[in-house]
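Beneath this line is the structure, given in structure tokens, with notes to follow.
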Amino acid sequence: MKTMQTNVVTPDGSVFSGETEMVSVKTQEGELGILPRHLPLVTPLTIGAIRIKKDSKVQLIAVSGGFMEVRPDEVNILAESAELPSNIDITRARAAKERAERRLAEARKENVDFKRAELALKRAINRLEVSENRM
Amino acid sequence: MASLKEIKTRISSTKKTKQITKAMEMVSAAKLNKAQNRAESFQPYTDKIREVVTSIAAGTEGVSHPMLEDRPEVKKTGYIVITSDRGLCGAYNSGLLRETMRLINKRHSSPDEYGIVVIGRVGRDFFKKRNMPIYQEITGLPDQPEYTDIKSIAATTVEMFEDELFDEVYVHYNHFVSAISQVVTEAKLLPLTDLGEEVENTEDSGESSEPAGNLDYIYEPDAGTILEQLLPHYAESLIFGALLDGKASEFGARMSAMRSATDNADNMIDDLTLSYNRARQAAITQEINEIVGGAAAQS
């Protein structure tokens, strides 16, 4: 089967690099699956999980925002943060989730804090889901 | 001449100091190594963003963004100054702060014309003491900072530019050349005017292995939206890059400062040992003289 070079890069270094058969991401418009020989494409990503299919095995990666650049034989994902399930600190993510939920309950009025807490909650939930392989 | 005991104490205290500076030198060398690796692993990230931004800017007609254009009138300039938290690193901070002061004094006549975003305790204390307008500050960054450590200050600075609080933003930091040489550098962060030039350059050279600008990308949802999200991202990553560069310089500077301190301690110990031996010899000679003199008087 045809493959494409896939790189997941964050400011703190590369998280994943290798030949893959399919990459599926969550963009702001919805889920998007990329196969080799896709047309060149640039799109922003939302907080969510990337699924990378390789030798019919699926690798999950939790990302928080960022971009994807697609070329016919190459996919580059630039994320602010990206973690493999094994690298996710579950206790920390749980604590972050609880904290965000508490803030959301308290700060219903103030817009800025609300949005921030909402994003934090999304990130925490995403991490937990990826770490438990529920996606 | 100082007494034997005094010299002895000085030698032993200098030896202890030397041990400390030696240890600090080695610690800095190890940290420098790590910092260099960090800076290297970060490079692909900026390169990629840059590539995408330039290809959007080059490939799409009529796409523009406030962050890409010079403002006709510059009312306020922002300076991001990256210093260290601790001293004992030679001229690392003093050289940088002197240059920043010189540029600010040259360009601006009143404190209303500029604002400072400072990273590091040394810089913060310096500007605070001089009552200069500090807009944001961050201290106590770890030795190997992560993107999240700097994210909020970087994002806020970029927002300040977007909100037209600042019309230009410069970064001042020590660029890492080698372990013994760091250069005070000023880099223009915003607006990102050099992107256009970069595009022309890549077209000129043309032989780069990846034809970055030539790919006809599909933009989803559209080029303008992507640019809007990508540019702040890019600016933030540039700040982070400067910070990593500055950290590497800090360890380089500290390493060489500590090395020369160790060398100086060595010299001092040599000198002191020499005068200690002289004093000891003199004391012995005197004692013999006294004995000989006493014996001569008795006979």
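The values are calculated or read from the model by the stated rules, or taken from the named source; none is laboratory data. Model, not experiment: these values are computed from the prediction. A quick note on method: Cβ atoms are made from the backbone with ideal geometry, for glycine too, and the neighbour counts reach across all protein chains shown. When the accessible area is computed, the model is the full protein with side chains, heavy atoms only, and any ligands, DNA or RNA have been set aside. Shrake-Rupley method; radii C 1.70, N 1.55, O 1.52, S 1.80 Å.
Tabulated results
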| quantity | calculated |
| --- | --- |
| Shielding score for A:3-12, defined as the mean number of other chain Cβ atoms within 10 Å | 5 |
| Subset of B:LYS129/B:LYS151; B:LYS22/B:LYS151; B:LYS106/B:LYS128 violating a 23 Å alpha-carbon distance limit | B:LYS129/B:LYS151; B:LYS22/B:LYS151 |
| FRET E, pair B:ASN131, A:MET1, Förster distance 60 Å, beta-carbon r, rounded to 0.05 | 0.35 |
| Exercise: per-residue mean of other protein chain Cβ atoms within 10 Å, A:35-47 | 4 |
| Å³ per residue enclosed by the Cα convex hull of chain B | 179 Å³ |
| Accessible area in the full protein assembly, largest first, 1.4 Å probe, for B:VAL171, A:VAL58 | A:VAL58, B:VAL171 |
| Accessible area that becomes buried as B packs against A, both chains, 1.4 Å probe, Å², nearest 100 | 2300 Å² |
| Stretch gain in nm, segment B:SER299-B:THR17, where the contour uses 0.36 nm per residue and the Cα spacing is subtracted | 96.2 nm |
| Inter-chain Cβ neighbour average for residues B:217-225, partner chain, 10 Å | 4 |
| B:VAL184 long-range amide H proximity, modeled H, under 5 Å | B:HIS175 |
| Ranking by accessible area, most exposed first, for A:MET1, B:MET26, B:MET258 with a 1.4 Å probe | A:MET1, B:MET26, B:MET258 |
| For the protein assembly as shown, the spread of Cα positions along each principal axis, largest first, Å | 115, 58, 58 |
| Whole-angstrom Cα spans of segment A:4-83 along principal axes, big to small | 25, 23, 18 |
| Carbon/sulfur fraction of accessible area - chain A, other protein chains in place, 1.4 Å, % | 46 percent |
| Estimated FRET transfer efficiency when R0 is 22 angstrom, pair A:LEU104-B:SER152 (beta carbons, to 0.05) | 0.70 |
| Within chain B, helix-based [θ] at 222 nm, where runs of 4 or more DSSP H residues each add -39,500 (n - 2.57), nearest 500 | -22500 deg cm²/dmol |
| Gyration tensor verdict on chain A (Cα atoms; rounded if a/c is under 1.5, prolate if a/b is larger than b/c, oblate otherwise) | prolate |
| Residues with amide H under 5 Å from that of A:ILE34, placed H, sequence gap 5 or more | A:VAL23, A:SER24, A:VAL25 |
| Pairs of alpha carbons in segment A:88-131 whose separation is greater than 11 Å (percent) | 57 percent |
| Contour excess over end-to-end distance, with Cα ends at B:LEU4 and B:ASN264 and 0.36 nm allotted per residue | 91.4 nm |
| Rounded to the nearest 20 debye, dipole of segment A:88-131 from Cβ charges on Lys, Arg, Asp, Glu | 60 debye |
| Debye-sum result for segment A:55-135 in log10 I(q)/I(0), which assumes one identical scatterer on each alpha carbon, at q = 0.11, 0.19, 0.22 Å⁻¹ | -0.38, -0.87, -1.03 |
| Magnitude of the charge dipole, chain A, Cβ model with Lys/Arg +1 and Asp/Glu -1, debye to 20 | 400 debye |
